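Chemist: Can you read through this structure? Questions will come right after.
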Amino acid sequence: MRFHAPARFVLAALLCALPLSAGAARAPKPDRAHERAELKEQELLMRSVKLYWDAVRWGDAERAAEFVEDPQSRALFKDWMEQERSRERVEDFTVLQVALNERPVNTEGLREAQIFVRVSGYTLPQQILKTDRHQQTWYRTLNGWHLAWDAETALQPGG
């Protein structure tokens, strides 16, 4: 004795077995290697920013200047920071936001990030407490993250 299924049941079974579209057959798996690499990149950037601001806070111009890539700019940065230290002192800082570009910004594969930091400190000799927000641009090289520091802007009066 043979069993004969009605044609509509056979057709329904065949339709259920077929994917609705080519994309529905295989959902893309999350790229875990890319996610891990992004997380490591963000951690490296945050560590660099924290080391920089710790050095600024403690008045260590040599350590802070390590994050300025160009040797000539680095020397100007150290001098500028020492002059600033005689006028202002940083008491505390908080990284408010890190905006890391998703893709490289040039053909060398370098990336940029915008860092927003709240800095509390006081001016000398008045010792007036103030809080400011700073926006910094950082960029990535093969050697790590560097502060984009513009000597011309910083060395102008009020810069």
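Just so it is clear, none of the values below were taken in a lab; they were calculated from the coordinates. These numbers come from a predicted model, not from an experiment. As a convention, Cβ positions derive from the backbone with ideal geometry for all residues, glycine included, and neighbour counts pool all protein chains shown.
Chemist: Against the conditions (1) surrounded by fewer than 19 Cβ atoms within 10 Å (Cβ to Cβ); (2) closer than 19 Å to TYR139 by Cα, where does ARG57 fall short? Just the number, please.
Modeler: Of everything listed in (1) surrounded by fewer than 19 Cβ atoms within 10 Å (Cβ to Cβ); (2) closer than 19 Å to TYR139 by Cα, ARG57 misses just condition (2).
Chemist: Continuing with the same structure: Could you please give the count of residues in region 61-120 that are of a type in the set (Lys, Arg), closer than 28 Å to LEU142 by Cβ and loosely packed, with under 12 Cβ neighbours inside 10 Å? Full working, then the answer.
Modeler: Start the filter on region 61-120 by keeping residues that are of a type in the set (Lys, Arg), which leaves 63, 74, 78, 85, 87, 89, 103, 111, 118.
Right, trim to closer than 28 Å to LEU142 by Cβ and you get 63, 74, 78, 103, 111.
If we keep only those that are loosely packed, with under 12 Cβ neighbours inside 10 Å too, we end up with 103.
Counting residues in region 61-120 that are of a type in the set (Lys, Arg), closer than 28 Å to LEU142 by Cβ and loosely packed, with under 12 Cβ neighbours inside 10 Å gives 1.
Chemist: Here's another thing I want to ask about it. Is there a residue in region 138-146 that is more than 13 Å from LEU45 (Cβ to Cβ) and exposed (fewer than 12 other Cβ atoms within 10 Å of the Cβ)? I'd like the intermediate steps shown before the answer.
Modeler: First pass over region 138-146, keeping only residues more than 13 Å from LEU45 (Cβ to Cβ): 142-143.
Retained after the next criterion (residues that are exposed (fewer than 12 other Cβ atoms within 10 Å of the Cβ)): 142-143.
Yes - at least one qualifying residue is present in region 138-146.
Chemist: Say whether the condition of being among the aromatic types (Phe, Trp, Tyr), closer than 19 Å to GLN42 by Cα and touching a residue at least 40 places away in the same chain (Cβ under 8 Å) is met by at least one residue in region 65-83.
Modeler: Narrowing region 65-83 to residues among the aromatic types (Phe, Trp, Tyr): 67, 77, 80.
From the residues that got through so far, the ones that are closer than 19 Å to GLN42 by Cα too are 67.
Then drop every residue that is not touching a residue at least 40 places away in the same chain (Cβ under 8 Å), which leaves 67.
Yes: one or more hits.
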